[in-house]
1. What FRET efficiency do you get for GLU267 and ASP228 if R0 is 35 Å and r is their Cβ-Cβ distance, rounded to the nearest 0.05?
2. Check cross-link reach from LYS162 to the lysines: straight Cα distance under 29 Å, and skip same-chain residues fewer than eight apart.
3. Determine the distance separating the Cα centre of the stretch 63-134 from the Cα centre of the stretch 189-235; give it in Å without decimals.
4. Once amide H atoms are placed 1.01 Å from N in the peptide plane, what residues at a sequence separation of 5 or more from GLY230, or on another chain, have their amide H within under 5 Å of its amide H?
5. Trypsin sites (Lys or Arg not before Pro) within the stretch 194-297: which are DSSP loop residues with at most 14 other Cβ atoms inside 10 Å?
6. Can you pull the one-decimal nm distance between simple spin-label points at MET72 and GLN118, each 7 Å off the Cα toward Cβ?
7. Please sort 101-113, 343-355, 290-302 by packing, taking for each peptide the average over its residues of neighbouring beta carbons within 10 angstrom, highest first.
Amino acid sequence: MSAPQTTPATATPSRDGHDQIVTCPRCGEHFPLSHALAEELASHVLAGKEPALREQIAKDLHAQYAHTLQDMQDRLREQEKERQHDTGLIKKLRDTEVQLRQDRRKLQDQQEALQAEQERMRDEIRKQEREAAERKTRERYEAELRQKDDAHAVAVRELEEKLNRVNTQLDQARRKGATGSRQEEGFTQQDLFAEELQRRFPTDDISVTPRGMAGADVTQKVRLGGHDCGMLMWECKRAANWSGTWIGKLADDVARAGASLGVIVSEEFPAGMDSSGLVDGIWVTDYRHAPTLAAGLREAVTTAWRHQVANAARDDTAAKVYDYIATGGFADRYAAAERALDAQLETLRKEKRYYTQAWADREKQIEKTRANLTGMVGDLIRIGAELPTTAQAELPAIDLPVLPETSSPVLFISGPPTLAH
């Protein structure tokens, strides 16, 4: 038997709005429902439906949560896609920015390089123009200089020839005038030379051969530590010209005296010889370089004496020669001769520089003299003076007006006239 069905009571709000009016399903009676009674009725009504309600609420909540979660996941995926898209876009924008900056820097570098190249081209053009102008100026100057050189070359050569002839005549006259006293000067020179040798080598025995006695003019006995090492014989000459008999005479004197070396000191050298050197076993030098040569020859003599003493107890010639070369004597002697030759060569170079400068100065003086003469002639022509034909023979033609006569004197101050070409 089933349970009797009951109609639930319906509740309507009261008119005053405070309590609800409940209608009984059976009798239809209306009565107000208080809060306590309402809660009790609600608890009895909900007691049987609570599990179902809980389950329904759970299902609704689960469905709502699942739908909400799905929406959130969908939104998250959309946001992730948007974020990835934005990230890629940002990266692309950054790459584009980097590329743009690089392109801008490259463009700036290219512009700077182009400007630098333009400046270099401008400088090169200016340099070429300047070089061309300088080359033209130099060519014009050289052409004018060649013209002037050609114009004065003949006159300079003539003056040089005249000067050489005059100098030659003066030298001949001076030598002829000094012939009488040259012998006395020679004696005085050999005494002074002997004193110079004694001053430089105080341990040596220096002696001068008396007048009228045979032998060399000065004899130098080389001494080292109280031992006689050898002998140098000096012949002092003051003659105007070189004599070929001097070599043979001094060689005979050296042989008779048993000397080591012979030297001729002269102001004149043999033909083809312009500095100190060896001629047929006899040294030839001048007074200025004789002391230097004496030092080298003396060292050679002492070195040879040392080898002679060292080889006194030896009979083997080959061993003596080897010792002479190996112990340094040969090298020292050769070096001494080389130093003497170097000194002569340096002296020759100095003399060459001196004479070159002297010739240049003389040429300048000739040019100045010629310019003054030309200016003088031009001034005379300006004032209307008539010059002899010989004075105008070597002058180029000039066309200058004759000055009018004036009552007051006129002062002319001018340099060389400008000559018409």
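What follows is calculated from the coordinates using simple rules that are stated; it is not laboratory data. As the structure is a prediction and not an experimental result, all values here were calculated from the model. Here the Cβ is made from the backbone with ideal geometry for all residues, glycine too, and neighbour counts use every protein chain on show.
1. 0.65
2. Hits, sequence-local ones excluded: LYS148, LYS176, LYS350, LYS352, LYS364, LYS368.
3. If we compute the Cα centre of each part, the gap is 100 Å.
4. Residues meeting the amide H criterion: VAL222.
5. ARG211, ARG288
6. Label at MET72, label at GLN118, 6.7 nm between them.
7. Highest mean packing first, the order is 290-302, 343-355, 101-113.
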